[in-house]
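The values are calculated or read from the model by the stated rules, or taken from the named source; none is laboratory data. In this text the structure is predicted, and so the values were computed from the model without any measurement. Positions of Cβ are backbone-derived with ideal geometry, glycine not excepted, and every protein chain shown enters the neighbour counts. The accessibility values were calculated without ligands, DNA or RNA, using every heavy atom of the protein model including side chains. Shrake-Rupley method; radii C 1.70, N 1.55, O 1.52, S 1.80 Å.
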Amino acid sequence: MKKYYLFLLIIISIFLMFLSLFLGGADIGFSDIINLLNGDVKNAKSIILLEIRIPRVIMAFLIGMLLASSGVVTQSVFLNPLADPYIIGIASSATFGAVIAYFLKLPDIFYGLFAFIASAGLSFLIFVIYKKANNIATLLITGIAFSSFLGAFTSFATYLIGEESFKIVAWMMGYLGGASWNKIAMLIVPLIFTIFYFYIKRDELNIILSGDEEAKSLGVDVEKIKKRLLVVSALSVSFSVAFTGMIGFVGLIIPHTLRMFLRTSNNAILIPLSSVFGGIFLLICDDIGKSILSPTEIPIGVITAFFGAPFFLYLALKSKRGVF
């Protein structure tokens, strides 16, 4: 991958982030940003920019990176383009864990930790079931079953929360309005760790794409590396779900679109590009959600589902031809 492509994408990302600062309920103009840059931090619009708009824009980008990169890896581990963490139930288990942490009134960091424990456990379980059955129908049915099962517990916990359950319902639909510098700080560590880990394992992932038997013959401990990748992928999904709720299909749309356009499954290319494109995609989706019915916001999970559901159907119909 030529480095200047990645550099160009980063420039585009920064430009989109800047444009996103103007979108929202309050009327923020270019002069307000200049005032903030000049140190006028006590102005009402400067406070909106510092405490709401900028954290939200950064949060959208980081969450997009987490979801898209985990999608690349999950699909490579299961050797199937439909293996999105949202579709196969990993995101639902993370939601379950985060709701339990909320129900127990634990600090924010425990949302991510509980979500991670739940999603890592389910990832292993799905992996074992899929390994025995080894077909996509089983993977999808298993994911739907676990999503429904855990969804029932989540709904019951939400019901028990009572009057504040509206916040949980809004969060479960994908909500970036709760973005804060504190949450961004908690996201940075898992983001850097997961993407770094995925990238240093790019060669093993590429070998795994040729099939388990071929990978074993080349000296790769397939089961061990797959389990480790699933745990790290679960970490990525769990922290994104814990802070922004269920935002589906990012891990499905971005990696597969890049595979189609670039005509490659090389993870050395897909992991960094998917991360950046995932951030751009979620940023654009958030802008759409804020703009269509402004000042009313459409939950970002609704916007991504609008794009993702037809895309998933397209992939399902094409899956017989093989994608990897």
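Taking +1 at the Cβ of each Lys and Arg and -1 at the Cβ of each Asp and Glu, which of LEU104, SER240, LEU205 sits farthest along the dipole of region 19-318 towards its positive end, judged by Cα position relative to the Cα centre?
Value: LEU205.
Straight-line reach from LYS224: which aspartates and glutamates fall under 17 Å, measuring Cα to Cα and dropping same-chain residues less than 8 apart?
ASP203, GLU204, ASP212, GLU213, GLU214
In whole Å, what are the extents of region 60-157 along the principal axes defined by its C-alpha atoms, from largest to smallest?
40, 31, 17
Compute from the Cα atoms of the chain the Rg and the Dmax, the latter being the longest Cα-Cα distance, and quote both in angstrom.
19.7, 65
Could you give the DSSP H helices of the chain that reach 15 angstrom or more along their long axis (alpha carbon positions) and whose average Kyte-Doolittle hydropathy is no lower than -1.0?
3-20, 54-78, 90-103, 108-133, 136-161, 181-200, 222-244, 250-262, 267-291, 300-318
In whole Å, largest first, what are the principal axis extents of the Cα atoms in region 1-74?
44, 26, 18
Within region 104-177, list the trypsin sites (Lys or Arg not before Pro) lying in a DSSP loop whose Cβ has at most 14 other Cβ atoms in a 10 Å radius.
LYS105
Across region 186-314, what fraction of all alpha-carbon pairs, as a whole percent, falls in each successive 5 Å bin from zero upward?
Pairs per bin, as whole percents: 2, 10, 16, 20, 19, 16, 9, 5, 2, 1, 1, 0.
When the convex hull of the Cα atoms of region 206-266 is projected onto a plane and the area is averaged over all directions, what value comes out in nm²?
That works out to 5.0 nm², a quarter of the Cα hull's surface.
Ignoring ligands, DNA and RNA, what accessible area per residue does the chain give at 1.4 Å, in Å²?
Value for the chain: 47 Å² per residue.
Taking the alpha-carbon centroid of each part, what is the distance from region 43-59 to region 158-236 in angstrom?
If you average the Cα positions of each part, the centres end up 27 Å apart.
What percent do you get for the relative contact order of the chain when only Cα pairs under 8 Å and 6+ apart count?
Relative contact order of the chain: 32 percent.
At R0 = 51 Å, how high is the FRET efficiency between PHE306 and SER217 if r is their beta carbon distance? Nearest 0.05 is fine.
0.70
If each residue of separation counts as 0.36 nm, what is the full-extension length gain between SER294 and PHE196 once their alpha-carbon separation is subtracted?
Value of the extension gain: 31.5 nm.
Rounded to the nearest percent, how much of the accessible area of region 19-318 (1.4 Å probe, protein heavy atoms only) is carbon and sulfur?
Carbon with sulfur: 69 percent of the solvent-accessible area.
Using just the helices of the chain, give the 222 nm mean residue ellipticity in deg cm²/dmol: DSSP H runs with n ≥ 4 each add -39,500 (n - 2.57), and the total is spread over all residues, rounded to 500.
-25000 deg cm²/dmol
As I understand it, the dipole of the chain uses +1 on the Cβ of Lys and Arg and -1 on the Cβ of Asp and Glu, about the Cα centre. Which of ILE34, LEU229, LEU21 lies farthest toward its positive end?
LEU229
Check cross-link reach from LYS167 to the lysines: straight Cα distance under 19 Å, and skip same-chain residues fewer than eight apart.
Answer for LYS167, where 19 Å is the Cα cut-off: LYS105, LYS183, LYS290, listed by chain and number.
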